[in-house]
Amino acid sequence: MAADVPHRAATARATDRPGDESPFALGLLLRRAHARAAAVLTEALRPLDLELRHFAVLIVLVNRGPTVQRDLATATGSDKAAIMRVVDDLERRGLAVRKTVPGDRRARAVEITPQGLEIFDRAHVAAEPLAEHLVAELEPGEHERLTDLLTRIADPADGGA
């Protein structure tokens, strides 16, 4: 004999849409894509004894030139304490240096060294075939389109978050 369980009436959902069409789905999908890309690129960096957090700072330094630590934190999505540890690591390895900022004796700009540029280039050579494999399922032009879309999500033109 079946237990007498009260029948729950189906409650309306906020979206009335099934599955992954939730407003949270994009974030979850981006997180999964990031995890896959991070795993692939971690493999490229391992022989160089670099972590993704170190390489993220090197990317910013190559793209922007000398950059103050607070701007490095913003550009890499790190907090101030974490960025200080990363810069400390890079300095110990001779990949970056801190320099005083003219006109602001408290601020320090971080600059990539020639050795840092060499490691940066070696990492790109190592990562290229892995990155190509990562986007191998995309049609011609889709990689560029995806990069454009993600850039617009990450850095909206209006400066909003």
Q: Can you give me the number of residues within segment 133-145 that are within 19 Å of the chain's Cα centre (by Cα) and either basic (Lys, Arg) or part of a loop (DSSP other than H, G, I, E, B) (or both)?
A: 2
Q. Looking at this structure, is Leu130 free of Cβ contacts under 8 Å to residues at least 24 places away in the same chain and not acidic (Asp, Glu)?
A. no
Q. Just checking, which of Arg106, Arg93, Arg70 is modelled with pLDDT under 95 and more than 18 Å from the chain's Cα centre (by Cα)?
A. Arg106
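The values are calculated or read from the model by the stated rules, or taken from the named source; none is laboratory data. As the structure is a computational prediction, the values presented were derived from the model and not from experiment. Backbone-built Cβ (ideal geometry, glycine too); neighbour counts: all protein chains shown.
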